[in-house]
Every structure is written in structure tokens, then in C-alpha cells.
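All of the numbers you see were taken from the coordinates with simple rules; none came from a lab. Every value quoted in this text rests on a predicted model; they were computed, and no experiment measured them.
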């Protein structure tokens with residue numbers, strides 16, 4: 001594995017050929033992780049989401065998501081990882097548009113399907129990045145430029161796929177309304193039946209249509225939306241765990257910690273310690 005470390009010894013950027021252990025063993029990395037799959041088909045597990053894919057493709061995950069690929073053998077598969085301290089996707093959101101698209105989005109699958117031509121481009125980018133990592137003193141400016149181009153190109157391909165509705169078998173306006181309602185009311189409405197009532201449909205119908213449209217049940221989406229907000233506040237602000245629990249309307253920080261750990265397998269403080277506090281924390285909107 002080719003790697004760049006911080007002065008304190010933390011991994012900032014890494015690129016390696018993904019072996020069976022890296023692909024098939026459930027893991028929670030404290031870094032943003034991308035798998036480049038040149039060929040083959042499989043199933044990507046990310047937290048409680050299950051996503052089928054067919055190569056060439058890119059698979060994305062955020063820090064400390066529990067991830068693995070059900071199938072273990074993908075020739076020439078590569079794993080690219082970077083820490084938020086090396087490249088802050090929130091700070092560079094205008095350049096790459098990947099936050100909320102490739103990462104930190106509970107509604108869109110974390111798969112970017114590539115054409116053969118696009119796969120060749122990403123393979124070339126990773127080769128260039130690997131060559132720079134081979135230098136006696138790799139240039140962090142050059143490495144960040146390659147990484148930014150990699151993410152920007154990925155975002156452009158994903159945005160086009162979403163706009164062309166390639167990720168959905170059919171348009172469902174009610175489910176788009178559900179998404180909007182969930183983003184507005186996730187702090188106060190926690191039961192699928194609450195949203196079913198607002199949408200004038202039965203809970204069973206909501207479950208069926210949500211599972212078909214988002215590949216997740218309403219209960220999963222409600223829980224994931226709350227946890228996503230918790231992760232954002234832990235990473236993007238300097239607020240205490242108690243303050244964040246209050247913001248998210250938990251009765252106390254201890255109950256918040258139990259719920260967060262049940263979903264993520266780590267405590268809120270451990271999540272913050274492993275991912276760090278973003279450089280945008282001091283200009284946070286929260």
C-alpha cells in the first residue's frame with residue numbers, strides 16, 4: 001500500500017490493490033474509502049444498505065461506515081482512502097460537489113457506474129497518483145490535485161446518471177415528497193406511520209414503494225437521516241456531545257450515545273476522535 005501520513009502518524013492518503021481481506025471482511029475505516037472495480041458484478045454492503053453493482057464501477061463510503069463486498073475476487077480492484085484532514089470535502093464542496101452526492105447521502109446508492117472509456121480515465125488517474133506516491137518525497141499539492149480531479153469526475157458522472165434517472169426504474173413523485181418531508185421533519189417524526197399519514201397512504205404501501213425506490217425501508221431512512229445529522233454535527237462543529245444530543249432532541253447525551261453506538265458500532269466521542277473535527281468547524285452553519 002502506498003501511503004502518506006501526518007506528523008502524528010495518522011494515515012492521510014492511501015492507495016492499494018484490494019485483496020480478498022480488504023473486500024470481504026466487514027470493516028469500519030476512519031477515512032473516506034473508494035473501491036475501483038474494473039470488471040465483475042457483486043453486492044456492496046454499506047451499514048444497513050445493500051447495493052448490487054456491475055463493473056466497471058466506483059463504490060463510495062464515508063468514515064466509519066460498516067462496509068464490505070459480498071463477493072471477494074475482483075481482479076485489479078483498487079482501494080483509495082483519504083482522511084478529512086488531507087482533503088476536506090466540505091471545504092472543497094464547490095469544486096467537487098461530492099458531499100451529499102458520493103458521500104453523506106442516504107437516498108442515492110453509493111455506486112457510480114462507468115463506461116469503458118471512463119474506467120480507463122480513472123485507471124490512469126490512479127496510476128498517476130500511485131506514481132506520485134512512489135516519489136521519494138511525494139508532493140501533497142499534486143496528490144490533492146489528482147484526488148480532487150478523481151472526485152470531481154465521479155460527481156459529474158453520478159449527477160448525469162441521477163438527472164437521466166438511470167438509478168431508478170420509474171419516477172415516483174410520492175417518494176420524492178417523502179424524501180422532502182423526512183428532511184424537514186426527521187427531528188420530530190420518527191415513525192413510518194407519521195409519514196404515511198402525511199402522504200395519504202397506508203404504512204404497508206409506503207414500505208413497499210420506499211424499498212423499491214430507495215432500496216431502503218422507511219424505518220431505515222428515518223434512522224439513517226438522524227444518524228447522518230449526528231455525524232455532521234460531530235465532525236463539522238465543536239459543540240459538546242451534550243449540546244449535539246440536545247440539538248437532535250434526545251432526552252440526554254447518554255441516550256443519544258446508546259442510539260448512536262447501536263447504529264454505528266462506536267460512541268459519539270469515538271467517532272469524533274477517529275474522524276477528527278473538520279477545518280470548517282469554526283465557520284459552521286450549525
| request: Sort the stretch 32-85 into rounded, prolate or oblate with this rule: let a ≥ b ≥ c be the square roots of the eigenvalues of the Cα gyration tensor; rounded if a/c is under 1.5, and if a/c is not under 1.5, prolate when a/b is larger than b/c, oblate otherwise. | output: oblate
| said: How high is the relative contact order of the stretch 2-163? Use alpha-carbon pairs under 8 Å, at least six apart in sequence, and give a whole percent. | reply: 24
| Stokes-Einstein diffusion coefficient of the stretch 97-177, Kirkwood radius over Cα pairs, 37 °C, 0.692 mPa s, in µm²/s | 226
| query | Counting pairs of alpha carbon atoms under 8 Å apart in space and at least six apart in sequence, what relative contact order in percent does the chain give? | reply | 16
| field | Cα principal axis extents for the stretch 78-237, largest first, Å | value | 62, 39, 24
| So what is the relative contact order of the stretch 173-283, in percent, for Cα pairs below 8 Å that sit 6 or more residues apart? | 22
| query | In whole angstrom, how far apart do the alpha carbon centroids of the stretch 189-249 and the stretch 108-169 sit? | reply | 30
| query | Roughly what angle does helix 140-163 make with the longest principal axis of the chain, taking Cα atoms, 0 to 90 degrees, to the nearest 10? | reply | 40
| said: How much of the pair distance distribution for the stretch 2-163 lies past 29 Å, counting alpha-carbon pairs only, in percent? | reply: 10
| field | CD proxy at 222 nm, helix term only [per DSSP H run n ≥ 4: -39500 (n - 2.57); per residue of the chain; nearest 500] | value | -14000 deg cm²/dmol
| For the stretch 173-283, what class follows from the C-alpha gyration tensor (a ≥ b ≥ c being the square roots of its eigenvalues): rounded when a/c is under 1.5, otherwise prolate if a/b is larger than b/c, else oblate? | prolate
